[in-house]
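Worksheet for the structure shown next.
The values are calculated or read from the model by the stated rules, or taken from the named source; none is laboratory data. All of these numbers come straight from a predicted model, not from anything done at the bench. Here the Cβ is made from the backbone with ideal geometry for all residues, glycine too, and neighbour counts use every protein chain on show.
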Amino acid sequence: MNAKHSIITPLVLLAILLYYPLCAQNTLVVKSVKASIQGTSTLHEWESEITRITCLGNFQSESNLLRNIEDISVRIPVAGIKSSEGRMMDNKTYEAFKSDEHPYIIYTASHARITVDAARNTTISVAGNLTMAGTTKPVVVEAKGKPLANGDMEVSISRKLKMTDFNMKPPTAMMGTIKVGDEVTVTVNLVLSQGPSASR
């Protein structure tokens, strides 16, 4: 081997070793999650907080940007949905979800499609299956992701759903004079981190 090759080879190896950690993907975990359901009625708008939710998945980042998501699983106990309107609304909600027979709302997907634009804004599209009140339907969820100053990553989801699509009967009250609208909006905000996960 000539002297020129003997110099180049160590330099190439050094460059690879220095470059690889910068490009390697990091595994993220769910640090925190906040979720709610908003809807309307013939009386007023309403909101219920999802106080218990489990979000699992294989989240991978690179250069502080979300690059890959696989094996997505979201599980919500119906009994953890709490309305600002109190126990009567909660009981109507549980009845609509048929919670005695079907105590969980479940969403699963094998992977997500992720795109990142020049401004480092992340768009996430997930095609999965949503199960509510014992009925399962294919549902596409669109989300937005952005890196935070502390190195964490925020993912925001907002999805409109119709209860009747899942064979659910929108709740009523006061002998049917108050009716809840068929369409509701589910919002979920996740914070992903390389640190320990937080459960709710």
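Determine which member of the set GLY145, GLY151 is in a loop (DSSP other than H, G, I, E, B), in contact (Cβ under 8 Å) with a residue 60 or more places away in the chain and out of contact with any Pro (no Cβ under 6 Å at 6 or more places or on another chain). Quick ask: steps written out before the conclusion?
Details: GLY145 fails: in a loop (DSSP other than H, G, I, E, B).
Only one candidate qualifies: GLY151.
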Original post:
Got a number for residues in segment 127-142 being part of a strand (DSSP E or B), farther than 23 Å from ILE114 by Cβ and among the hydrophobic types (A, V, I, L, M, F, W, C)?
Top reply: 1
**OP:** Tell me which residues, restricted to segment 53-92, are over 24 Å from SER110 (Cα atoms) and buried (at least 21 other Cβ atoms within 10 Å of the Cβ).
**Re:** ILE81
Original post:
Among the listed residues ALA118, ALA112, ALA127, which satisfies the condition of being closer than 22 Å to VAL33 by Cβ, without any contact (Cβ under 8 Å) to a residue 60 or more places away in the chain and surrounded by fewer than 18 Cβ atoms within 10 Å (Cβ to Cβ)?
Top reply: ALA127
Original post:
Given (1) modelled with pLDDT of 90 or more; (2) among the aromatic types (Phe, Trp, Tyr); (3) loosely packed, with under 15 Cβ neighbours inside 10 Å, where does TYR19 come up short, assuming only one miss?
Top reply: (1)
Original post:
From the list ILE157, ILE106, which residue is within 16 Å of ILE50 (Cβ to Cβ), surrounded by fewer than 17 Cβ atoms within 10 Å (Cβ to Cβ) and touching a strand residue (DSSP E or B) at 6+ places or on another chain (Cβ under 7 Å)?
Top reply: ILE106
**OP:** Return yes or no: is VAL180 modelled with pLDDT of 95 or more, more than 19 Å from PHE59 (Cα to Cα) and β-branched (Val, Ile, Thr)?
**Re:** no
Original post:
Restricting the search to segment 27-54, which residues are under 15 Å from the mean Cα position of the chain (by Cα) and hydroxyl-bearing (Ser, Thr, Tyr)?
Top reply: SER32, SER36, THR51, THR54
Original post:
Quick one: is THR164 part of a strand (DSSP E or B) and either of a type in the set (S, T, N, Q) or free of Cβ contacts under 8 Å to residues at least 12 places away in the same chain (or both)?
Top reply: no
**OP:** Go through segment 80-129 and give me each residue that's more than 17 Å from GLU142 (Cα to Cα), small (Gly, Ala, Ser) and within 19 Å of the chain's Cα centre (by Cα).
**Re:** GLY80
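Could you check segment 43-98 and list, in sequence order, the residues that are of a type in the set (A, V, I, L, M) and either free of Cβ contacts under 8 Å to residues at least 12 places away in the same chain or in a strand (DSSP E or B) (or both)? Working first, answer last.
Applying the first criterion (of a type in the set (A, V, I, L, M)) to segment 43-98 yields 43, 50, 53, 56, 65-66, 69, 72, 74, 76, 78-79, 81, 88-89, 96.
Once the filter is applied, which keeps residues that are of a type in the set (A, V, I, L, M) and either free of Cβ contacts under 8 Å to residues at least 12 places away in the same chain or in a strand (DSSP E or B) (or both), segment 43-98 yields ILE50, LEU56, LEU65, LEU66, ILE69, ILE72, VAL74, ILE76, ILE81.
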